[in-house]
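The values are calculated or read from the model by the stated rules, or taken from the named source; none is laboratory data. On a predicted model such as this, the values are computed, not experimentally measured, just so you know. Positions of Cβ are generated from backbone atoms using ideal geometry, with glycine treated the same way; all protein chains shown enter the neighbour counts.
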Amino acid sequence: MFKRMPTFFFLCLFLSSGLYAQESQSSVLTMALTGDAIITRKLSVYQEPEFLRMIEMLRKADMAFTNLEMLFHDYESYPMNQSGGTYMRAEPELVDELVWAGIDMVSCANNHTGDYGAAGMRMTVKYVDQAGLVYAGVGESLPEAREAKFLETAKGRIAIISCASTFPDHSRAGKTRGDIPPRPGLNPLRHETLHTVTAGQMQALKEVAETLGMSVGNSETRLRFLGENFEVGENPGVTSSPHAEDLEEIAQVVRSASKLADYTMVTIHAHERNGDLSVPAQFVETFARAMIDAGADIMVGHGPHVLRGIEMYKGKPILYSLGDFIFQNETLLRLPYENYEPYELGSDKHVADFNASRYSNDTKGFPARPEVWESVVAMPAWKDGELISLELHPISLGFGKKPSIRGRPMFADVETGKKIIQDLIERSRPYGTSIIYENGIGVVKIK
């Protein structure tokens, strides 16, 4: 018996070490992160291998995210007088298509949140919640819209905090002093913009303002004109900064969430640019870094419908925009009067006529811009709280195809995929981020 104990002991040690290795390997948590989802048609009916392989990748991730830039309701509410552009609405059952695709978490804060008022937002939240998706970024009050939501997984608890900097002002959630109900809406990140101009340009602006009968004040070097701030300076240009109160309130939520979750993700819907659309506005960069400082593990941007660069800040990834994931904005069932009116389209015209007028028969706007239909699925992986890899899987949404086909994502072909990753390499270079193209995907160098 005693002679057999060492063998038994080493056998147990071998088995336990194997179990430990298996447990250690399974502790790696993966995410599949995507950009804007404007969904108006079913996904589950399609069978292309490139599409199904992409879907399988989303499903295998421990968490998959998209920005839900769509409202789900049956026209219980009327459209507001102002929207985020095209008034978004789709059949409620399409929420289940996102679940079918493997999506677990969504942001509901974007420029279309209030297209159909508070009622449209509430109906959307109802269907999203019933489908089992974790959502963030909207609520019956500003504190509720700001709050973090959590997803429980076998590999760790994930928090999400979502906000938007691009929105009609009526969409912004409000506070209450207890005597009047708060305003339902989205979690806003407001910002201030300063235009630096020459002395000559300032004088010209003042003359225009005076001609229009506007007050110009007594300052020689500063002017508030048409809702914008102007200042005389040596280096003309535009600078922007996040609204201090919004920044601090969102940061406080992140500080709390990071203590309650294993991984904390902050997302922002931001159209604002710094020159080229692929470059985020200065305030967006300031906000993103502040969220990492507050305890976020990753920042995910969306909104401009194009890819923006990636920054590794203090070892944490900032994805300034993941572009489009689903872009089916041309196949909405109905549009309100407010969409047709600017194009002088009468009641005898319909959705296809609106598309033809807006995009001049696909010769301008979204249909004419290839980069709108090119994106990536970002796949970060963590182990024991540390980022160990970040892969970028290029996808194509069918640029040049007809409206009934384009807008649905699938893995890009080799040529398009290489071009997409090269775009990200160039757009990430100003942040000092190194991305390598290998085996058909982009790989971010983790320092």
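Points to keep in mind about this one:
- Pairs where the first residue, in region 170-194, is among the basic types (Lys, Arg) and the second is in a loop (DSSP other than H, G, I, E, B) and modelled with pLDDT of 95 or more, C-beta under 7 Å, 6+ apart: LYS175/SER141; LYS175/PRO182; ARG183/ALA173; ARG183/GLY174; ARG190/HIS243
- Among (1) outside any strand (DSSP E or B); (2) farther than 29 Å from GLY84 by Cβ, the one test that LEU247 misses: (2)
- Residues that are in contact (Cβ under 8 Å) with a residue 40 or more places away in the chain and under 30 Å from TYR116 (Cβ atoms) number at least 2 in the following strands (runs of 3 or more DSSP E) confined to region 323-429: 324-327, 374-383.
- Of the residues ARG172, ARG190, the single one that is charged (D, E, K, R) and touching a strand residue (DSSP E or B) at 6+ places or on another chain (Cβ under 6 Å) is ARG172.
- Lone qualifier among SER357, SER404 - being assigned by TED's automatic domain parsing to the domain that holds GLY85 and under 22 Å from THR40 (Cβ atoms): SER404
Conditions tested, residue by residue: (1) part of a loop (DSSP other than H, G, I, E, B); (2) on the phi > 0 side of the Ramachandran plot; (3) in contact (Cβ under 8 Å) with a residue 12 or more places away in the chain; (4) not polar (S, T, N, Q).
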{"residue": "ALA204", "(1), (2), (3), (4)": "no, no, no, yes"}
{"residue": "GLU210", "(1), (2), (3), (4)": "no, no, no, yes"}
{"residue": "SER215", "(1), (2), (3), (4)": "yes, no, no, no"}
{"residue": "ARG224", "(1), (2), (3), (4)": "no, no, no, yes"}
{"residue": "ASN229", "(1), (2), (3), (4)": "no, no, yes, no"}
{"residue": "ASN235", "(1), (2), (3), (4)": "yes, no, yes, no"}
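- Reported count of residues in region 139-187, each being over 16 Å from LYS259 (Cα atoms), among the hydrophobic types (A, V, I, L, M, F, W, C) and surrounded by 24 or more Cβ atoms within 10 Å (Cβ to Cβ), is 6.
- Within the set ASP129, ASP62, ASP115, ASP74, the sole residue that is surrounded by fewer than 22 Cβ atoms within 10 Å (Cβ to Cβ), over 18 Å from ALA32 (Cβ atoms) and within 20 Å of the chain's Cα centre (by Cα) turns out to be ASP129.
Condition check ((1) outside the structural domain of THR66 (by TED's automatic domain parsing); (2) of a type in the set (S, T, N, Q); (3) not in a strand (DSSP E or B)) across all residues:
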| site | (1), (2), (3) |
| --- | --- |
| GLU93 | no, no, yes |
| GLY102 | no, no, yes |
| ALA109 | no, no, yes |
| LYS126 | no, no, yes |
| GLY132 | no, no, yes |
| ALA145 | no, no, yes |
| ALA159 | no, no, no |
| PRO182 | yes, no, yes |
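- Index of the failed condition, LYS447 passing every other in (1) of a type outside the set (Asp, Glu); (2) modelled with pLDDT of 95 or more; (3) more than 21 Å from VAL279 (Cα to Cα): (2)
- Checking each residue in region 351-376 for being of a type in the set (A, V, I, L, M, F, W, C) and surrounded by 16 or more Cβ atoms within 10 Å (Cβ to Cβ) picks out VAL351, PHE354, PHE366, VAL372, TRP373, VAL376.
- Of all residues in region 302-312 being in contact with a Lys or Arg (Cβ under 9 Å, 6 or more places away or on another chain) and in contact (Cβ under 8 Å) with a residue 60 or more places away in the chain, the one that is surrounded by the fewest Cβ atoms within 10 Å (Cβ to Cβ): MET312
Here's the yes/no breakdown for (1) under 22 Å from PRO403 (Cβ atoms); (2) within 24 Å of the chain's Cα centre (by Cα):
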residue	(1), (2)
GLY323	yes, yes
ILE326	yes, yes
HIS350	yes, no
SER360	yes, no
VAL377	no, yes
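- The residue of region 188-214 that is surrounded by the most Cβ atoms within 10 Å (Cβ to Cβ), among those that are among the charged types (D, E, K, R) and more than 36 Å from the chain's Cα centre (by Cα), is LYS206.
- Evaluated against (1) assigned by TED's automatic domain parsing to the domain that holds LEU142; (2) modelled with pLDDT under 95, ALA204 falls short on exactly one condition, (1).
- Annotation note: of THR286, THR267, the sole residue that is out of contact with any helix residue (DSSP H, G or I) (no Cβ under 6 Å at 6 or more places or on another chain), surrounded by fewer than 17 Cβ atoms within 10 Å (Cβ to Cβ) and either at pLDDT 95 or above or of a type in the set (D, E, K, R) (or both) is THR286.
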